[in-house]
Every structure is written in C-alpha cells, then in structure tokens.
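Trainee: Sharing a structure below in structure tokens format, with a few things to ask.
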Amino acid sequence: MLGDRTINRMGFGSMRITADPDPRVAVRVLRRAVELGVDHFDTAAFYCSPGGIVDVGPGPVRHATALIREALRPYPNRVFVATKVGPRRLPDGGWAAADTPELLREAVEENLRRLGVDTLDLVNLRLTGPVGGGSFAERFGALAGMRQEGLIRHLGLSNVSVAHLDEAVGIAPVVCVQNAYAVDVRRDDDLLRICGERGIAFVPFFAIAGPGRETGPSRAVGGAGLRRVAARYGVNEHQVRLAWTLHRGPHVLAIPGTGDLGHLEQNVAAGSLRLTDEDLADIDHPSV
C-alpha cells in the first residue's frame, strides 16, 4: 500500500533519465516501464541535466518531471507519481533549501506544472543540510496545508529520523518514508521496522548503489555473499540487491533508476526473485 493505493513493489526512480541528450531515450524507457507493470514513479522537479545529478555537459535542460509528462500523459489510472520537495536548484547550478512555506509552495506548483496535473499523488518532504529559515514542523505543516487545499493527495518524508516521523504524524498522516538503505547501508533498520509496525511504506533510495550513491556500487561492495547468491540464480548482483531490499518486509518498495532499457528489464525481473533464508544469511553474514 502507498497511501490509498495498492501498487507493484518494484517501482522506477527517475533521477537518471535526464542523462541522455536525446529525450526520446527517456520516453522509451518510461513507456516500457509501464508495459512491464511498473505503476510507481518517483521523481522531483530538481532532477534535471545538465548540471543536475548526472552532468552531461552543455545543452538544453531536461527535467525528469517533464519527461514523465511527455511519456505518460494522459496518465493511466493505475500510474502513481511520487515527487519530493526540499532541495532547490539555483540559477548557477548550486543548491539551496526550500525551507519556507513560500518556497515550498513554489516547488509544489513547479511539480504540478511540469507533470501537467492538478493534484500531486504524493509529495515527500526531503531534509537536506541545516534547517535554515523554517523549522521542520513549519515546513511539513505548509505541505499539510496544501494537502487540505487539494494540491496534494498524500504526504511522505525523505532523509529523516524516527524523531522527524513522530513529529510529522502529529501534524498530518505520513504514508511513506524514503531514506538511503541497502545491503551495506543499514543505519535505518529501526526506522524500517517502525514503518512496518505503523503501516507506513518504506521506500529505500540507493538500494543498488549503497554507499557509492550517485557513482554506483563498486565490485567490492556487498562482499562474497552477494556474488555467491547471484551465481546461484544466474543473475547479477544488482538484481540480488533489489530482491534483498524487497525481502526486508511487505511494506518495503523499490525505486531503482536507469536510463537503459536492458537495465530496466533486469530491475523489474528482480522483483520475482525469491531468496531463501540461506541466501539472506549468506548476504547478511558472508563468511568471506
């Protein structure tokens, strides 16, 4: 469950689709994702290139939200698009925080405009750096107000602690938490468990990359256990990482991102990989 919707647990993260200079590549990947059964798309208005997450050099700015609109609008009824606000891009390519109600409204309105919708399915408040001009409660409260206006259907949190979650649920319902989490990034085991107990979806980002984050995982990351399990099933280590993620609980969703059709199909296929207790123990406690 994600809010009031039942969705497929293998979703799609759009951070990387702006990397190719040809927007038709992203459109093909997004449409193929829908064909493969993906109905949960994660995005943000600040996902853009050049100068975005993936630096592809000079050229027109490509926004992930606009690419999603081009590929999927009119959106099929089953498609659920989650976005996030908090960080904002500056004209010089730098970053700042949308840390006031006014800036958050601007971010929400930008997402509405670029996605071409009247109401956003889900908006996650992503925390980055110092609080700056507004408290956490003030920022989340501003989004809760926009939810009451009908601009947002559901609210979530990103890059947060249990204390943030406890504070937020006193203001408005929280349907999901997005934090960095992977085989080798396990600091939020307690938060994952608490979300499950409260019926809140836990949506890890960097499930494949782990501590490598934007640069991706190295061969050494994950150890021998991942490699043995991958060989056991004739799949790659990225697929095992995704399968491991989904095995963390029925409330855990995955949002791997890619701009490549082949990788997309591998990611979706990982959703049907069933790991045994022996496999999970091998991954969590490799002997070498």
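The values are calculated or read from the model by the stated rules, or taken from the named source; none is laboratory data. Values in this document were obtained by computation on a predicted structure and should not be read as measured data. Glycine also receives a Cβ, built like all others from the backbone with ideal geometry; neighbour counts cover every protein chain displayed.
Trainee: Say we look at the range 5-24 and pick out the residues that are out of contact with any Leu (no Cβ under 7 Å at 6 or more places or on another chain) and within 15 Å of LEU253 (Cβ to Cβ); which of these is surrounded by the most Cβ atoms within 10 Å (Cβ to Cβ)?
Mentor: Taking the candidates together, the pick is SER14.
Trainee: So which residues in the range 148-164 are assigned to a helix (DSSP H, G or I) and surrounded by fewer than 18 Cβ atoms within 10 Å (Cβ to Cβ), if there are any at all?
Mentor: The answer is GLN148, GLU149, VAL162, ALA163.
Trainee: Further, regarding this structure: Could you please tell me which pairs satisfy a Cβ distance under 8 Å, a separation of 6+ or placement on different chains, a first residue in the range 183-200 that is under 25 Å from HIS238 (Cα atoms), and a second residue that is of a type in the set (Phe, Trp, Tyr) and modelled with pLDDT under 95?
Mentor: From the range 183-200, the pairs are VAL185/PHE206.
Trainee: For the range 103-121, does any single residue satisfy the condition of being within 25 Å of VAL268 (Cα to Cα), surrounded by fewer than 20 Cβ atoms within 10 Å (Cβ to Cβ), at pLDDT 95 or above and not hydrophobic (A, V, I, L, M, F, W, C)?
Mentor: No, the range 103-121 contains no residue that is within 25 Å of VAL268 (Cα to Cα), surrounded by fewer than 20 Cβ atoms within 10 Å (Cβ to Cβ), at pLDDT 95 or above and not hydrophobic (A, V, I, L, M, F, W, C).
Trainee: Any residue that is of a type in the set (Ser, Thr, Tyr), surrounded by fewer than 20 Cβ atoms within 10 Å (Cβ to Cβ) and out of contact with any helix residue (DSSP H, G or I) (no Cβ under 6 Å at 6 or more places or on another chain) - is there at least one of those in the range 168-189?
Mentor: No - not one qualifying residue is present in the range 168-189.
Trainee: Separate question: Just checking, which of GLY199, GLY216, GLY212, GLY223 is at pLDDT 95 or above and not polar (S, T, N, Q)?
Mentor: GLY199
Trainee: Restricting to the range 73-92, give me the number of residues that are among the hydroxyl-bearing types (Ser, Thr, Tyr) and crowded, with 20+ Cβ neighbours inside 10 Å.
Mentor: Residues meeting the conditions: 1.
Trainee: Applying the selection to the range 244-263, what residues are closer than 23 Å to SER158 by Cβ and in contact with a helix residue (DSSP H, G or I) (Cβ under 7 Å, 6 or more places away or on another chain)?
Mentor: Within the range 244-263, TRP244, HIS247, ARG248, GLY249, HIS251, VAL252, ALA254, PRO256, THR258, GLY259 qualify.
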